[in-house]
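Single-structure report; data block below.
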Amino acid sequence: MFNIGATLIVLLLAALLLGAMFFFIRISTDDSDKYKEWKEMVESLFGTPAFLRPGAGEQPGNAEAAAAASATSAQPFTELCPACGETVTEQNADCPSCGLRLL
C-alpha cells in the first residue's frame with residue numbers, strides 16, 4: 001500500500017512540475033500584457049534581468065547617474081607614477097619620465 005501511495009505522490013509532483021514548465025513557457029512567449037509581471041519575473045530568473053536589458057526605460061535616477069559618469073569621463077584621469085612620482089594620464093602607456101609600463 002505504501003508503494004502505491006508513494007508512486008502516486010511522485011507522479012503528482014511530476015505532473016505539477018511539467019504543468020509549471022508549460023506555464024512558464026506560455027508566459028515567456030506571450031506578447032500581450034496579460035502576464036506582464038510574471039513575464040518579467042520569469043525573464044529575470046531564466047534570462048537577462050530587466051535592468052540589464054537594452055532599451056529598458058530610462059529612469060530618472062539612471063539619467064542622473066549617466067550624466068555624472070559622462071562628466072567625469074570627459075576629464076582626463078591623472079595619477080602619479082608609482083616609480084618616479086611623475087604625473088601620468090590614461091593616454092600614457094609608458095611613464096614619460098622613467099619608462100615604466102603602465103596598466
**Prompt:** What are the pairs, 6+ residues apart or on separate chains, where a residue within the range 13-36 that is within 17 Å of GLY47 (Cα to Cα) has its Cβ under 7 Å from a residue that is open to solvent by less than 100 Å² (accessible area, probe 1.4 Å) and in a helix (DSSP H, G or I)?
**Reply:** PHE24/VAL42; ILE27/LYS39; ILE27/VAL42; SER28/LYS39; SER28/VAL42; SER28/GLU43; ASP30/LYS39; TYR35/ILE27
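Residues checked against (1) among the aromatic types (Phe, Trp, Tyr); (2) at pLDDT below 85; (3) in contact with a strand residue (DSSP E or B) (Cβ under 6 Å, 6 or more places away or on another chain); (4) open to solvent by 90 Å² or more (accessible area, probe 1.4 Å):
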residue: LEU8; (1), (2), (3), (4): no, no, no, yes
residue: LEU11; (1), (2), (3), (4): no, no, no, yes
residue: GLU43; (1), (2), (3), (4): no, yes, no, no
residue: ASP94; (1), (2), (3), (4): no, no, yes, no
residue: ARG101; (1), (2), (3), (4): no, no, yes, yes
**Enumeration of residues in the range 13-41 that are open to solvent by 100 Å² or more (accessible area, probe 1.4 Å), among the acidic types (Asp, Glu) and part of a helix (DSSP H, G or I)** = GLU37
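The values are calculated or read from the model by the stated rules, or taken from the named source; none is laboratory data. Just so we're clear, the structure is a prediction, and the values are computed from it rather than from any experiment. Glycine gets a Cβ as well: all are built from the backbone with ideal geometry, and neighbour counts include every protein chain shown. Each accessible area value is taken on the protein alone, full model and side chains, heavy atoms only, with ligands, DNA and RNA left out. Shrake-Rupley method; radii C 1.70, N 1.55, O 1.52, S 1.80 Å.
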